[in-house]
Amino acid sequence: MHRLVRTVLVAGLVAAFSAGASAATAPADAIKYRKAVMDAMAAHVSAFVLINFGKVDQQEYLKSHANALADLGAQGKVLFPAGTDTGDTNALPLIWKEQEQFNKLMAQLETSSAKLRDAVAANDKPGTAAAFKTLGESCKGCHDRYQKKDD
């Protein structure tokens, strides 16, 4: 009897998690998620700058910020699904019109953030500086072309 109950409970949990995982994300929620990831990236960049340029003495956390940036940078390619071009977003519709060019920028974000992580892990100061510059250029290139400007 206990085995049957356990089997039914496990099957129910699997079904519940499977249903939740396969449910489509509402565009408004996808936009909220995108904003949260972008805000997190901005926060990690700020912390990274403060540590890397000696403004705060927290050198032991530089690696964790670089790792977080790489993890978040890898998500760029999934942050702009179809249907998230309207609503509470600063993303310009141009993203979805220039999908191939935009996807290249997202790939650059992923690559540059991974290179930053690797340079920090190797304690390669020149490599870290170069990778950070490339990451900044990647972010700027996307924001300049695909983000609404504040009035």
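The values are calculated or read from the model by the stated rules, or taken from the named source; none is laboratory data. Since we're looking at a predicted model, the values are computed, not measured. Heads up, the Cβs are rebuilt from the backbone with ideal geometry, glycines too, and the neighbour counts pull from every protein chain shown.
Quick one: in the range 53-112, of everything that is without any contact (Cβ under 8 Å) to a residue 40 or more places away in the chain and among the aromatic types (Phe, Trp, Tyr), which residue is surrounded by the fewest Cβ atoms within 10 Å (Cβ to Cβ)?
Phe53
Where residues in the range 108-150 are more than 26 Å from Tyr61 (Cα to Cα) and out of contact with any Leu (no Cβ under 8 Å at 6 or more places or on another chain), which of them is modelled with the lowest pLDDT? Let's see the steps before the verdict.
In the first step, residues of the range 108-150 are kept if they are more than 26 Å from Tyr61 (Cα to Cα); the result is 141-150.
Still in the list and also out of contact with any Leu (no Cβ under 8 Å at 6 or more places or on another chain): 143-144, 149-150.
Details: His143: 95, Asp144: 96, Lys149: 89, Asp150: 79.
Filtering the range 108-150 for residues that are more than 26 Å from Tyr61 (Cα to Cα) and out of contact with any Leu (no Cβ under 8 Å at 6 or more places or on another chain), the one modelled with the lowest pLDDT comes out as Asp150.
What is the one condition in (1) farther than 20 Å from Ala40 by Cβ; (2) of a type outside the set (Phe, Trp, Tyr); (3) in contact (Cβ under 8 Å) with a residue 12 or more places away in the chain that Lys133 does not satisfy?
(3)
Look through Leu92, Leu69 and report the one residue that is touching a strand residue (DSSP E or B) at 6+ places or on another chain (Cβ under 7 Å), under 22 Å from Tyr146 (Cβ atoms) and among the aliphatic types (A, V, I, L, M).
Working: Leu69 fails: touching a strand residue (DSSP E or B) at 6+ places or on another chain (Cβ under 7 Å).
When all the criteria are applied, what remains is Leu92.
When His44 is evaluated against the numbered criteria (1) surrounded by fewer than 20 Cβ atoms within 10 Å (Cβ to Cβ); (2) in a helix (DSSP H, G or I), which criterion, by number, is the only one it fails?
Checking His44 against (1) surrounded by fewer than 20 Cβ atoms within 10 Å (Cβ to Cβ); (2) in a helix (DSSP H, G or I), the one that fails is (1).
Give the range 52-88 a look and list any residue that's aliphatic (A, V, I, L, M), under 20 Å from Ala122 (Cα atoms) and over 11 Å from the mean Cα position of the chain (by Cα), or say none.
Of everything in the range 52-88, those that are aliphatic (A, V, I, L, M), under 20 Å from Ala122 (Cα atoms) and over 11 Å from the mean Cα position of the chain (by Cα) turn out to be Leu62, Ala66.
Determine whether the range 70-82 contains at least one residue that is among the aromatic types (Phe, Trp, Tyr), out of contact with any His (no Cβ under 8 Å at 6 or more places or on another chain) and under 15 Å from Phe48 (Cα atoms). Steps first, answer last, please.
Kept after step one, since they are among the aromatic types (Phe, Trp, Tyr), are these residues of the range 70-82: 80.
Filter once more, so that each one left must be out of contact with any His (no Cβ under 8 Å at 6 or more places or on another chain): 80.
This time we only want the ones that are under 15 Å from Phe48 (Cα atoms), so: none.
No; the residues of the range 70-82 include none that is among the aromatic types (Phe, Trp, Tyr), out of contact with any His (no Cβ under 8 Å at 6 or more places or on another chain) and under 15 Å from Phe48 (Cα atoms).
For the condition under 16 Å from the mean Cα position of the chain (by Cα), part of a helix (DSSP H, G or I) and farther than 29 Å from Ala28 by Cα, what is the one hit in Lys133, Lys115? It would help to see each step written out before you state the result.
Details: Lys133 fails: under 16 Å from the mean Cα position of the chain (by Cα).
Within the list Lys133, Lys115, the selection yields Lys115.
State the number of residues belonging to the range 79-133 that are touching a Lys or Arg at 6+ places or on another chain (Cβ under 6 Å) and among the small types (Gly, Ala, Ser).
Count: 1.
Can you pull out the residues in the range 77-102 that are in contact with a helix residue (DSSP H, G or I) (Cβ under 7 Å, 6 or more places away or on another chain) and not hydrophobic (A, V, I, L, M, F, W, C)?
Listed by number, the residues that qualify are Lys77, Pro81, Gly83, Thr84, Asp85, Gly87, Asp88, Thr89.
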